[in-house]
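Since the structure comes first, as structure tokens, the remarks are kept for the end.
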Amino acid sequence: MTQQNDPSSQVAVNLPELLVRIDNDRDLLLELIEIFKEEFSQLFQQLQEHVVRGDMKAVEKTCHGLRGMLSGLSADHAATIAARLEQMGRDRDSSGLNDAVALLDREYKKLLPELDAFMTKAES
Amino acid sequence: MRILIADDDTISRRLLEKTLEREGYEVIAVDNGRLALQQLSLPDGPRLANLG
């Protein structure tokens, strides 16, 4: 696998694309990052609870929310994982569910430092 | 023109709200259907609604 195609070498959030989409409104981006940091962890915790209960309908609903949030923030790889989880929920297919949730968690932990770095830079 | 946005995804709602405001629209943003119906039932309520 080349470095270019290796997902682990890619940025988790496409901030330049997002800035273009919001007309370079850095205040709005900071606001969106704050919202994301607050709401993602709540939704992810709900997702983990749904997985433990085996409630695939709730997995679908929560992952729909996660996908929208991640897409909005141009976190494309994480959004793709959330979309896969949403589809698993829709299909009531729990095979590979734990792996996909772990993958989403890893991607979230990867994008957090990128968002924090942007915030630190913007506020300095 | 006044536009209603109803979406429980805060980031999507905020993005659309800002985009429409930049275009000069007056925007009312709510996060659930009950509040959306309240707004739509007002005599001078929004003329257009985007229901997420």
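Among the conditions (1) more than 9 Å from chain A (Cβ to nearest Cβ); (2) crowded, with 19+ Cβ neighbours inside 10 Å, B:Asp7 misses just one, which is (1).
Restricting the first member to segment B:11-24 and to residues that are part of a loop (DSSP other than H, G, I, E, B), and the second to residues that are at pLDDT 95 or above and loosely packed, with under 15 Cβ neighbours inside 10 Å, no beta-carbon pair is closer than 8 Å while six or more apart or on different chains.
Starting from residues that are closer than 13 Å to B:Leu15 by Cβ and touching a residue at least 12 places away in the same chain (Cβ under 8 Å), keep the ones in segment A:18-32 and report whichever is surrounded by the most Cβ atoms within 10 Å (Cβ to Cβ). Going through the qualifying residues, I end up with A:Leu32. Considering segment A:41-64, the residues that are buried (at least 22 other Cβ atoms within 10 Å of the Cβ) and within 14 Å of chain B (Cβ to nearest Cβ) include one that is farthest from the chain's Cα centre (by Cα), namely A:Thr62.
Is it fair to say A:Ala75 is within 14 Å of chain B (Cβ to nearest Cβ), at pLDDT 95 or above and touching a helix residue (DSSP H, G or I) at 6+ places or on another chain (Cβ under 7 Å)? So A:Ala75 fits the description; yes.
When each of B:Leu40, B:Leu20 is tested for being away from chain A (no Cβ under 13 Å) and either at pLDDT 95 or above or farther than 16 Å from A:Glu39 by Cβ (or both), the lone residue that passes is B:Leu40.
Take segment B:25-37 and flag every residue that is within 14 Å of chain A (Cβ to nearest Cβ) and either free of Cβ contacts under 8 Å to residues at least 24 places away in the same chain or over 22 Å from A:Asp25 (Cα atoms) (or both). Listed by number, the residues that qualify are B:Asp31, B:Asn32.
The values are calculated or read from the model by the stated rules, or taken from the named source; none is laboratory data. Because the structure is predicted, anything quoted here is derived from the model rather than measured. Glycine gets a Cβ as well: all are built from the backbone with ideal geometry, and neighbour counts include every protein chain shown.
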